[in-house]
Amino acid sequence: MTLAATIIDAHALLQLLYASVIAGVGICVVYACAVVGVTRSNERRRAHDHRAATLYGALASVALAICVVAIVAGITIMATK
Amino acid sequence: MHSEPLIILVVATALAFDFTNGFHDTANVVATSISTRAVAPRVAVTIAAILNFVGAFISLKVAATIATGIVAAGAITLPVVFAGLIGASVWNLTTWYFGLPSSSSHALIGGVVGAMIAAKGTGAVQFAGLLGKVIVPAFISPILAFAIAGTAIAITYRLTARLRPGPAGRGFRHGQLFSGGMLALAHGTNDAQKTMGVITLALIANGNISAAHFAVPAWVVISAASAIALGTYAGGWRIIRTLGTRIIKMDAAQGFTAQTAGAAVVLAASHVGYPLSTTHVMAGGITGAGAGKRLSAVRWGMAGNMAIAWLLTLPAAAAVGAGTYAATTTIGNGTLGPFVIAAIALAAILSLMVRRARELTANPADAKQ
């Protein structure tokens, strides 16, 4: 146990695990929400349901903004630390 | 030992290795974008080359790991670095010739470790660093990319299940412009740094840099970034020819999740200083994206063969590195040995490439394999 703890930097390994899981799964799921938002917004607009189209459009905008912020923040953290 | 001709030879060999690294790994970066028709092949390769160049400037933690965390920097000599690079290049070209998947990164680390053992014995290798910073992350990273891509694609399919396939697919193809770009950036960040680390080791051995005050010179960063970007651009055309006729069966959502998972793992690893293999990570991500849709969609036999090739890379490259060091010192100490070995290696590489080109001319179907 002590030898393994000496060899393996548990802090760095945990950082790799949680950062990649949050970024990898998080960006994919949020982007999927953006795809749902854009697609549904276009469908609702064609059906003249402008209220639903606006709501889905807002979902897409927020999801895309989260993706962009996450990517920029990730690169900034890497470049500055 | 201080030798200007030898340090020039070692730096040139390292940059040549960096070029082949970009050449080799272009497939990892652009294959999914091209196969889902998210990006035109020429555009994909050009963007990948530019972002590989940019990525090399983001971080230097992996370079520090290579230069100070795996072998004793104070004990290293120029012939050791040279033999390690030749060992890695020979292993890379051999696996390329026989069509075996292998990691350029592990070949490089294995080559340097093998040459170091041959030169100074096992005492000069930091086995704790090798295990903790290379071997353990090497085992974890493909599994991590597999799990991330598998989880992400399962949730993505659930969220988009009721959408018409056309618009949804178009949305994920647009997303691949960014996920592919992030993957190219991640590749440049992690892989170019390995060459920077090896060149820095050589500069320490030659007395140009103090081992006590580690710093990667700016010209090393720029030249390594340029070499990997040029290799990516050159390698892309071969990949395009192959993918033009043999498309990997993958939808845009799978391509997006595989690339995002790969980019997330490689960028996070670069941040903590782990020199990962992009080949391993992307294979894990693509397999995960396939398994997340349907387990039987994955060719598990092929995945097993790849795992065996991965296990062999470190020890095989180490053996070639050790053999190269022994041959170098047998021919002559100083600059003679490395120059003779470099000439032999260059002749062997050219003959192998000419032979492969002739085989492909005689049987064009092989180019698609």
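The values are calculated or read from the model by the stated rules, or taken from the named source; none is laboratory data. Computed from a predicted structure; not experimentally measured. Here the Cβ positions follow ideal geometry from the backbone for every residue, glycine too, while neighbour counts run over all protein chains shown.
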| Counting just the residues of the range B:162-188 that are more than 8 Å from chain A (Cβ to nearest Cβ) and among the hydrophobic types (A, V, I, L, M, F, W, C), which one comes out surrounded by the fewest Cβ atoms within 10 Å (Cβ to Cβ)? | B:L177
| Residues (hydroxyl-bearing (S, T, Y) and in contact with a Phe, Trp or Tyr (Cβ under 7 Å, 6 or more places away or on another chain)) located in the range B:23-45 | none
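Quick one: in the range A:18-39, which of the residues that are of a type in the set (A, V, I, L, M) and more than 7 Å from chain B (Cβ to nearest Cβ) is surrounded by the most Cβ atoms within 10 Å (Cβ to Cβ)? Even if it seems obvious, please write down each step before you answer.
First, the residues of the range A:18-39 that are of a type in the set (A, V, I, L, M): A:19, A:21-23, A:25, A:27, A:29-30, A:32, A:34-36, A:38.
In the following step, the residues that additionally are more than 7 Å from chain B (Cβ to nearest Cβ) were identified as A:22, A:30, A:34.
Values: A:I22: 15, A:V30: 16, A:A34: 21.
By that ranking, first place goes to A:A34.
Would you please name the residue that is nearest to the other protein chains (Cβ to nearest Cβ), looking only at residues in the range B:189-214 that are touching a residue at least 12 places away in the same chain (Cβ under 8 Å) and surrounded by fewer than 24 Cβ atoms within 10 Å (Cβ to Cβ)?
Among those that are touching a residue at least 12 places away in the same chain (Cβ under 8 Å) and surrounded by fewer than 24 Cβ atoms within 10 Å (Cβ to Cβ), it is B:F214.
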| Conditions: (1) within 18 Å of the chain's Cα centre (by Cα); (2) in contact (Cβ under 8 Å) with a residue 24 or more places away in the chain. B:A75 meets all but one. Number of the miss? | (1)
| said: Checking the condition closer than 26 Å to B:T335 by Cα, crowded, with 24+ Cβ neighbours inside 10 Å and among the polar types (S, T, N, Q), which residue from B:T32, B:T13, B:T77 passes? | reply: B:T13
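Of all residues in the range B:139-149, which are at the interface with another protein chain (Cβ under 10 Å from one of its Cβ atoms) and surrounded by fewer than 24 Cβ atoms within 10 Å (Cβ to Cβ)? Give the derivation first.
Narrowing the range B:139-149 to residues at the interface with another protein chain (Cβ under 10 Å from one of its Cβ atoms): B:140-141, B:144-145, B:147-149.
Hits for the range B:139-149 are B:I140, B:A147.
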| Do you know which residues across the range B:1-42 are in a helix (DSSP H, G or I), farther than 21 Å from B:N208 by Cβ and either of a type in the set (G, A, S) or touching a Pro at 6+ places or on another chain (Cβ under 9 Å) (or both)? | B:G22, B:A27, B:V30, B:A31, B:S33, B:I34, B:S35
| request: Provide a single number: the residues in the range B:93-137 that are of a type outside the set (K, R), part of a helix (DSSP H, G or I), over 22 Å from B:N28 (Cα atoms) and away from chain A (no Cβ under 14 Å). | output: 12
| field | Unique match (being assigned to a helix (DSSP H, G or I), touching a Pro at 6+ places or on another chain (Cβ under 7 Å) and modelled with pLDDT of 80 or more) among B:V45, B:V80, B:V62, B:V90 | value | B:V62
| query | In the range B:261-275, which residues are in a helix (DSSP H, G or I) and more than 7 Å from every other protein chain (Cβ to nearest Cβ)? | reply | B:G262, B:A263, B:V266
| said: Let me spell it out: the conditions are (1) facing chain B (nearest Cβ under 7 Å); (2) outside any helix (DSSP H, G or I), and A:I71 meets all of them except one. Which number is the exception? | reply: (2)
| note | Reported set for the range A:40-57 where residues are facing chain B (nearest Cβ under 9 Å) and buried (at least 18 other Cβ atoms within 10 Å of the Cβ) is A:R40
| task | Answer yes or no as to whether B:L159 is more than 30 Å from B:A72 (Cα to Cα), assigned to a loop (DSSP other than H, G, I, E, B) and facing chain A (nearest Cβ under 9 Å). | result | no
